[in-house]
1. How about region A:257-330: which helices (runs of 4 or more DSSP H) wholly inside it have at least 1 residues that are among the polar types (S, T, N, Q) and in contact with a helix residue (DSSP H, G or I) (Cβ under 6 Å, 6 or more places away or on another chain)?
2. Would you mind finding the one in B:T20, B:T3, B:T75 that is of a type in the set (V, I, T) and modelled with pLDDT under 85?
3. Going through A:S89, A:S99 one at a time, which residue ends up being surrounded by 15 or more Cβ atoms within 10 Å (Cβ to Cβ) and either among the basic types (K, R) or in contact with a Ser or Thr (Cβ under 8 Å, 6 or more places away or on another chain) (or both)?
4. Give the residue that is farthest from A:G202 (Cα to Cα), with candidates limited to residues of region A:49-90 that are touching an Asp or Glu at 6+ places or on another chain (Cβ under 6 Å) and of a type in the set (V, I, T).
5. Working only within region B:208-258, note down all residues that are away from every other protein chain (no Cβ under 12 Å), surrounded by 16 or more Cβ atoms within 10 Å (Cβ to Cβ), closer than 27 Å to B:L273 by Cβ and among the small types (G, A, S).
6. Could you tell me how many of the residues in region A:402-433 are assigned to a helix (DSSP H, G or I) and either aliphatic (A, V, I, L, M) or farther than 13 Å from A:F391 by Cβ (or both)?
7. Any chance you could count how many residues in region A:467-484 are among the acidic types (D, E) and not in a loop (DSSP other than H, G, I, E, B)?
Amino acid sequence: MKKPKIDLAALPGEQATAIDDRYQIATPLRRLFNKVFPDHWSFLLGEIALYSFIVLLLTGTFLALFFDPSMEEVKYNGSYVPLQGITMSRAYETTLNLSFDVRGGLVMRQMHHWAALLFMAAIVVHMLRVFFTGAFRKPRELNWIIGISLFWLGFTEGFAGYSLPDDALSGTGLRIADAIMLSIPVVGSWVTTSLFGGEFPGMVILPRLYILHVFLLPGIILALIVVHLALLVKQKHTQWPGPGRTEHNVVGIRMFPAFSVKAGGFFMIVFAMIALLAGLFQINPIWLFGPYKASVVSAGSQPDWYVMFLDGSTRLMPAWEFRGSFFGYGHYTLPPLFWPTVVLPGLLTVLPMIYPFLEARFTKDKQAHHLLQRPRDVPTRTSLGAMAVTFYLVLLLSGGNDVIADKFDISLNAMTWMGRIGLLILPPLAYWVTHRVCLGLQQHDREVLAHGIETGIIKRLPDGRFVEVHQPLAEPDEHGHIQLEYEGWVVPKKMNRVGALKPTVRGFFRPVEDHPEEQEIEAAKHQELTSGPRR
Amino acid sequence: MSTHSGLHAAEADNEEFDHTDPRLSRFDLVKEGARRDGVQLVYYAPRFPVPGTRREARVVRAVGLLFFLSGLFATAFVVAYIWWPWRYQDGSNLSKLYTPVLGVSLGLSLACLGLGFVAWGKKLLPEEIAVQDRHDGGSPADEKKLTGETMLNMVDELGIKRRPLLAKTALLGMLPLGAVAVAPLIGGLIKNPHKPDILFHTGWDPSLNSGHPIAVCREDGTKIRPEDVSIGGQMTVFPGIFNTDGDFVGASNDFADSPTLLIHLRQDDAQVLRSNLVHVPINEQNTWGNFVAYSKICTHAGCPASLYEQQTNRLLCPCHQSQFNILDNARPIFGPATRRLPMLPLTVADDGFFYAKSDYQVPVGPGFWERP
């Protein structure tokens, strides 16, 4: 009998066949490999959020192995000398232990915090990209709504995580959250007492926030991310207008290998940035803040950046309190805190969620769109967005107005009033300015299409006048006019853009392209292989 | 190109295509596969048409170096993780660099790996422009019709229309079941804020001391005499409450609503305050000599309103910058706060120590609906 021989070269093929026999995976797998992704730098922003989330899951799991959210009081006797013998909660103690007594714990904590900040920042910037390019339009309204939900879930998740260490800053934040819930009419005191299990702070709020932070919210966020990406794959990515690009195709590169190699590399780069930030820039040094005590606070108390706009709105709110009786029954209070911290976030959730439908209604546009719009081509939307961003920025800056007042020697009260007035005046101003800028840019695009690029070459005419030579972008017709339609994409406005410059010489110390014959062969081959016209 | 004609063409071509034809190159098969997936490679060219040029070798070397460096930095991470002195020591020493060394080595390792992959993708993989059909709009009309009818048939099969009793009883059965899902959550969590009436009582309530007035204490639980506070000075004070073991708990977070600011006013300022007391009748008996005590819990959002400006006689809350005038019953004079800081009824007993005559007469801290 002959010894059965394993043919190593045939093994992958046999394995593949064996798998396909069972799951008939050949066709869907190839479809996945061949899926085309359009390429543009602005499409990477959402990816940053996704990758930060993965880093959050990884580092968070490590932290959970050592953290205990218990609010039971203990005496610290870990390695950090200045706090030894101080009474604190178990949550604060285990966070200190993570920072000082767990090997590599501090770098994990800092990576977790930086990743959270980056996650929220990437969500916001991604959302701006989607808004200003009109990517939220039909058929992508649902994905836009999911995106906004992800922002608010991330916000809550971040706040819960920020509260867990039970340091002086996070406790103060929690105290304010308690006051915010208290301000809700009718049920406020019931909601607050129920969540805190009695009086603030009680013993149960951190364990409750903990299960929210490590299980419930991440689960929901993960599920929504999966739906977000599934819809993206199903509906295919939007693309910028350009040669050969229509509403009925996607022009780009295939998912495997080109796109996935780049995306995988980008994941590593995002991960790297978070690690570098965590190593080099201290964040949330809770041992300097001390444990939470209801009587302790320091000047310049700031929340994480994504909460700051609500802190700003709270600071700017005038002292307007409504007191009255309810159908002649008792005396009731509606605290001023209710408007900037409950009503405003409500509006900031609902308005953007219904925006795609409002825009479709006002523009009477019921078509599906897969080609993106340049912000300048939709002045109204762009200006509305600029208005919203300005509103947000005034709130954000007001969230740190005490620090600004201190550093720039401005009266604190003046900063508050500047914020109050700015919040009302700047957004409309931003609308007007943006509208003008959009129209100006539109006009300049048409001008260049009609008359050509300004070359910077000044010609003197026989009669003594000086004129600038323009480089037309197409052959003029018999009347000397250039008929070029605006295609919704960048119009070249510099001679360099149309090939006026020689290509860059490659090489760092000396050129690497110094072999003319090699170059010629390459060029000839290149010509041969190029079947279709280049973009 | 139109979506539908493209699809039909693909279907028609499938039969003509012979995948066993030996003349077909691998790339022919790739293109055929892509075509069946609605993808057309309109431009496809290797980055280096002539293999082995100096430029290609240079790029390959660079990418290789990046991968090598990645491994090097990762090794540095592991070595540092194990052997770098990591235990916290006071003062300036190598252990302070543990976190930076870990972060930088990990970051550089990942960055080199990432840059290597990106360079591989951008500089070495063939340049391509692929165009994929987008199947837009709804499903074909016949598909919609068939699915719609299938769904309607489900309704027919269930016979909900013919048997309305079933629909109603099913609803009757399931609604309480929904309540069952909610009941444990709400029932388990719910707490009545008014039994005990936590929002209206603080640690200064004499009932916590079997009806006797509560002593005004420092953070360590020691009582305070008037001469302990210098003129113009202030001190954060806590209710003198001790647990059964005799430990001082008045300054703990169990009494988070009780921290109070005891202020020793200058003579002139005290005069001003006394003349202002009539504005808030309940405060009239609450000061003792030139001493006044206000709740430290801001009436806006509950932060400690503890930044005391001695010169202007203001208290400022650092969270949202509400400012209170100490000489006018802590009236809010700037910022979002709407209510005065409550004044603690202060007295000095025969033993010469400060005591609270009673609890605060109005709720301390942020406003809420039931607050009169």
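The values are calculated or read from the model by the stated rules, or taken from the named source; none is laboratory data. Just so it is clear, the model here is predicted, and its values are computed rather than measured. Reconstructed Cβ throughout: ideal geometry from the backbone, glycine too, with neighbour counts over all protein chains shown.
1. Correct list: A:305-316.
2. Numbers: B:T20 fails: modelled with pLDDT under 85; B:T75 fails: modelled with pLDDT under 85.
When all the criteria are applied, what remains is B:T3.
3. Numbers: A:S99 fails: either among the basic types (K, R) or in contact with a Ser or Thr (Cβ under 8 Å, 6 or more places away or on another chain) (or both).
The match here is A:S89.
4. Taking region A:49-90 first, the residues touching an Asp or Glu at 6+ places or on another chain (Cβ under 6 Å) are A:74, A:76, A:78-79, A:81, A:87, A:89-90.
Retained after the next criterion (residues that are of a type in the set (V, I, T)): A:74, A:81, A:87.
Details: A:V74: 15, A:V81: 28, A:T87: 16 Å.
So the residue we want is A:V81.
5. B:A215, B:G240 - these are the residues of region B:208-258 that are away from every other protein chain (no Cβ under 12 Å), surrounded by 16 or more Cβ atoms within 10 Å (Cβ to Cβ), closer than 27 Å to B:L273 by Cβ and among the small types (G, A, S).
6. Our first condition is that a residue be assigned to a helix (DSSP H, G or I); within region A:402-433, this holds for A:402-407, A:412-433.
Still in the list and also either aliphatic (A, V, I, L, M) or farther than 13 Å from A:F391 by Cβ (or both): A:402-407, A:412-418, A:421, A:423-426, A:429-430, A:432-433.
Of the residues in region A:402-433, 22 are assigned to a helix (DSSP H, G or I) and either aliphatic (A, V, I, L, M) or farther than 13 Å from A:F391 by Cβ (or both).
7. Of the residues in region A:467-484, the ones among the acidic types (D, E) are A:468, A:475, A:477-478.
Filter once more, keeping what is not in a loop (DSSP other than H, G, I, E, B): A:468.
Here the count works out to 1.
Quick grid of which residues meet (1) in contact (Cβ under 8 Å) with a residue 24 or more places away in the chain; (2) touching a Cys at 6+ places or on another chain (Cβ under 9 Å); (3) within 13 Å of chain B (Cβ to nearest Cβ):
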| residue | (1), (2), (3) |
| --- | --- |
| A:G13 | no, no, no |
| A:H40 | yes, no, no |
| A:I48 | yes, no, yes |
| A:E72 | yes, no, yes |
